[in-house]
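Comments concern the structure below.
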Amino acid sequence: MGSCLEAMKPEIILSQASFKEAREYIKKNVREYHEVEPGYKIHDVHIIGVPPLYVGVEGEDLIFPYTKPCHGTFVVKVPGSEDIARLRARKGK
Amino acid sequence: MTENDEKTALILLGCPQVPVQTSMALYLVHGLKQRGIRPVIAGTTAARKLMEVADPGRYYVSEMTDLDVAIDEITEKQRDFDLCFVFIHNDSGIAYAGTMAYISKARLYTLIFGEHAEELAGEIEFPCEVVAVKAVHNPMPLKRKLDEVMQWAAVSKQ
């Protein structure tokens, strides 16, 4: 896990899934989600996968897919801080 | 892509869990160099260490970089490549290849191997050249396919 993200002790919502399963989880379970392009960066982590890729917002937290080369994709929740405003300023849902 | 117009290729290595990956990556690096294409290897720490240990004299391996650093540089438009080869044996590999298809202008080759190569190949939904072979321990089936790929790479270089 990215050292910055790891230091934030993220809540693991889904573990060792496929990037498609992570996409579906966010779409189905998070009311507010935003489409981002592959490579979009949150803290020190790139969002990896084939579009569409989603980042969710739940209260003050961000929910997003985190892909590890050896262990598949995790859906993690971390405090959003200024990243939420950056997401909401983008086009789309 | 470099200032002196030397062609470059990014070789993206995922989890080195399947034995053929390191061997085939070294073989690919060798083939690219023979064709005048400069290879840059990006991979996990373990994947890079396997390459380093297998080539202590650095006869084949030259530049290596971290996976995230490579993605950073491409998304920030600081760097790009003419060719990109992604080694894939799991879903994460597909995800990384899909990302490269989106962020890079490189001609993309997906080299899919391991027990579930055909199944994984069915997951490819982005523009690229697909090479899928069920190869785990014996690199020869993948080597034969890779030889064909390097012919394409040499053609696309001209």
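When +1 charges are put on Lys and Arg Cβ atoms and -1 charges on Asp and Glu Cβ atoms, the dipole computed for the stretch B:9-158 relative to its Cα centre reaches about 660 debye.
The residues of the protein assembly as shown expose, per residue, 47 Å² of accessible area to a 1.4 Å probe.
Taking the three principal axes of the alpha carbon atoms in the stretch B:1-42, the coordinate ranges are 37, 18, 6 Å, sorted in descending order. Highest mean packing comes first when the peptides B:32-44, B:53-65 are listed by Cβ atoms within 10 Å, giving B:32-44, B:53-65. Take the Cα of B:Ala121, step 7 Å toward its Cβ, do the same at B:Lys49, and the gap between the two points is 3.3 nm. Rolling a 1.4 angstrom probe over the stretch B:8-157 with all protein chains present gives an accessible area of which 51% lies on carbon and sulfur atoms. Amide H to amide H distances under 5 Å link B:Phe85 with B:Leu10, B:Ile11, B:Leu12, B:Tyr109, where only residues 5 or more positions off or on other chains count and H is placed in the peptide plane. The rule of thumb for compact globular proteins, 2.2 N^0.38 Å, goes into the C-alpha radius of gyration of the protein assembly as shown 1.02 times. Listed as lacking a disulfide-compatible partner in chain B: B:Cys84, B:Cys128, by the criterion of no other cysteine Cβ under 4.7 Å. Here the gap between A:Lys41 and A:Glu58, fully extended at 0.36 nm per residue and compared with their Cα-Cα distance, gives a gain of 4.3 nm. Across chain A, the relative contact order, built from alpha-carbon pairs under 8 Å that are at least six residues apart, equals 33 percent.
Comparing the full protein assembly with the isolated chain (1.4 Å probe, heavy atoms, ligands and nucleic acids excluded), the residues of the stretch B:83-116 losing at least 40 square angstrom of accessible area are B:Asp91, B:Ser92, B:Ala95, B:Tyr96, B:Thr99, B:Tyr102.
Of the GluC sites (Glu not before Pro) found in the stretch A:26-93, the ones in coil according to DSSP and having at most 11 other Cβ atoms within 10 Å of their Cβ are A:Glu60. Expressed per residue, the C-alpha convex hull volume of chain A stands at 85 Å³. For peptide B:124-133, the mean count of partner chain Cβ atoms within 10 Å of a residue's Cβ comes to 1. Legend: distances between Cα atoms for B:Lys77/B:Lys134; A:Lys28/B:Lys134; A:Lys9/B:Lys134; A:Lys68/B:Lys7; A:Lys20/B:Lys49; B:Lys33/B:Lys77; pairs beyond 28 Å are B:Lys77/B:Lys134; A:Lys28/B:Lys134; A:Lys9/B:Lys134; A:Lys68/B:Lys7; A:Lys20/B:Lys49. Buried accessible area between A and B (1.4 Å probe, both chains summed, ligands and nucleic acids excluded), in Å² to the nearest 100? For chain A against chain B, roughly 1600 Å² becomes buried. Across peptide A:35-41, the mean count of Cβ atoms from other chains lying within 10 Å of each residue's own Cβ comes to 5. If I build a Gaussian network model for chain B, linking alpha-carbon pairs within less than 10 angstrom, which residue out of B:Pro127, B:Pro16, B:Pro139 has the largest mean-square fluctuation? Most flexible of the set in this elastic network: B:Pro127. Surface composition of chain A: carbon plus sulfur atoms hold 49% of the accessible area, using a 1.4 angstrom probe and ignoring ligands, DNA and RNA. Compared with its chain on its own, the stretch A:65-83 contains the following residues whose accessible area drops by 30 Å² or more in the full protein assembly (probe 1.4 Å; ligands, DNA and RNA excluded): A:Thr67, A:Pro69, A:Cys70. The C-alpha atoms of the stretch B:8-157 occupy a region whose extents along the principal axes are 37, 36, 31 Å, arranged from largest to smallest.
The values are calculated or read from the model by the stated rules, or taken from the named source; none is laboratory data. Remember, it's a predicted structure, so these values are computed and weren't measured experimentally. Cβ: placed from backbone, ideal geometry, glycine included. Neighbour counts: every protein chain shown. Just the protein is used for accessible areas: all its heavy atoms, side chains included, with ligands, DNA and RNA removed. Shrake-Rupley method; radii C 1.70, N 1.55, O 1.52, S 1.80 Å.
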